[in-house]
Amino acid sequence: MKPQRQRENREKIWLALEIGNSRLHWALFLGETLYSAWDTDYLPESVIQHLAEYQTLDDLLEKIFLPSQQAESLTKTLPLCPLLLASVVPSQTAIWQTYPNTCVITLDQIPLTGVYPTLGIDRALALWGAGKAWGFPMLVIDAGTALTFTAADANQCLLGGAILPGLGLQFATLGQKTGQLPLVEMHNIASLVPRFGLNTTEAIQSGVIYTLIAGIKDFIEAWWHLCPDGKIAIKGGDRTLFLNYLQALYPEIAARLIMESNLIFWGMREIVINGG
Ligand SMILES: Nc1ncnc2c1ncn2[C@@H]1O[C@H](COP(=O)(O)OP(=O)(O)OP(=O)(O)O)[C@@H](O)[C@H]1O
Ligand SMILES: CC(C)(CO)[C@@H](O)C(=O)NCCC(=O)O
Ligand SMILES: [K+]
């Protein structure tokens, strides 16, 4: 085992951080290899400002909650490693720039053509990562805080996409902006909810989930109309739930979906390794 450890240690170690609207998404890379990926809540500003004081990557990872057995002695004596940052939350970007070895990814580093200036870096990176891994034309569905569709043609040119409130936001909005609707969540619901709900919670779950699934199906059909051989990758915190529903309701669509939570990290790796 020892020779392998030595070989790995010679690979460049770097951290990738994607700041989403709900939480932080992390990956630890050894050269081109994604060694570990995990999510955390946002860190308080006071903690981030002190991260620079940690002397080794081990100390840093402990602070950002990497399941400790994975960090192991691999990182014990290494100095703080480069942090590659992609963020769709400007206030958080500013905080993380206080970490000494940070490089913020911007749209101009991604070789997609036809992008518009305010396109989210998460959408661009996920599309680039998916297209580089599985080929273009590619449609990425991000089942995150916002639900997004982002597509590129065979020439790696952005076709565009769509943005709507994601599953959690739809429940939250109903709970917060009405007088008597409860805050509903979808966690731990293994089976399909009934289409015609006979209580308030079931009615909200049905309304949100079945219209979201219908919307996803409609975008996918429009995509295949445009690009019959177009690929589709799905990511984001609600991807499994959506995939389960699609498998039950539209198995022929589900069978063609590529499910991959790390698309943004594949996009970042392309930029680190190949400069795009
Ligand atoms: N542990 C969790 N914490 C927060 N959201 C979760 C969790 N597990 C599943 N989810 C679901 O994930 C969704 C948020 O997705 P995700 O974490 O991908 O969003 P995000 O932080 O905005 O990231 P991104 O911007 O990369 O999409 C919520 O709608 C929620 O229902
Ligand atoms: C749509 C979100 C919130 C999805 O995370 C993000 O990509 C973003 O803030 N985008 C900017 C607007 C755009 O992509 O057109
Ligand atoms: K999001």
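The values are calculated or read from the model by the stated rules, or taken from the named source; none is laboratory data. The model shown is predicted, which means the values in this text are computed figures rather than measured ones. Cβ placement follows ideal geometry from the backbone for every residue including glycine, while neighbour counts extend to all protein chains displayed. When the accessible area is computed, the model is the full protein with side chains, heavy atoms only, and any ligands, DNA or RNA have been set aside. Shrake-Rupley method; radii C 1.70, N 1.55, O 1.52, S 1.80 Å.
Modelled spin-label separation between residue 214 and residue 101, with each label point placed 7 Å from Cα along the Cα-to-Cβ direction: 5.2 nm.
Beta-bridge orientation, the chain: approximately 60 percent antiparallel, per DSSP, counting only bridges with both partners inside. If a/c stays under 1.5 just call it rounded; otherwise compare a/b with b/c (prolate if a/b is bigger, oblate if not). Do that for region 81-179, with a ≥ b ≥ c from the square roots of the Cα gyration tensor eigenvalues. Oblate is the answer for region 81-179, as a/c is 1.5 or above yet b/c matches or exceeds a/b.
Sorted by accessible area (1.4 Å probe), largest first, how do 187, 25, 225, 50 line up?
Details: 187 135, 25 45, 225 160, 50 95 Å².
In descending accessible area the options line up as 225, 187, 50, 25.
Using C-alpha pairs below 8 Å separated by at least 6 residues, the relative contact order for the chain is 16 percent.
Note on residue 185 and residue 250: the extension gain reaches 21.1 nm, defined as 0.36 nm multiplied by sequence separation minus the Cα-Cα distance.
Largest GNM mean-square fluctuation across 243, 119, 139, computed for the chain with C-alpha springs under 10 Å, falls on 119.
On average, how much area does the Cα convex hull of region 110-266 cover when viewed from any direction, in nm²? Could you put the intermediate results ahead of the total?
Numbers: hull surface 38.5 nm².
So the Cα hull casts an average projection of 9.6 nm².
Lys-Lys pairs in the chain that are eight or more residues apart or on separate chains and whose Cα atoms lie under 19 Å of each other come to 8. Estimated at the nearest 10 Å², the accessible area of residue 39 is 80 Å² with a 1.4 Å probe. For the chain, modelled as a GNM whose springs connect Cα atoms under 10 angstrom apart, the maximal fluctuation among 40, 118, 211 occurs at 118.
Given the DSSP H assignment, sum -39500 (n - 2.57) over each helix run of at least 4 residues in the chain and divide by its residue total; what's the result at 222 nm in deg cm²/dmol, nearest 500?
So the calculated ellipticity at 222 nm is -12000 deg cm²/dmol.
Using the Cβ-Cβ distance between residue 113 and residue 195 with R0 set to 35 Å, the FRET efficiency from 1/(1 + (r/R0)^6) comes to roughly 0.25. For region 194-262, trypsin sites (Lys or Arg not before Pro) meeting the loop criterion (DSSP other than H, G, I, E, B) and having at most 14 other Cβ atoms within 10 Å: 195, 256.
Volume per residue of the convex hull around the Cα atoms, evaluated for the chain, comes out as 154 Å³.
Where the eigenvalues come from the Cα gyration tensor of region 98-153, what are the semi-axes √(5λ) of the equivalent ellipsoid, largest first, in whole Å? Before the final figure, lay out each step's value.
Numbers: eigenvalues 88, 39, 27 Å².
Computed over region 98-153, the values are 21, 14, 12 Å.
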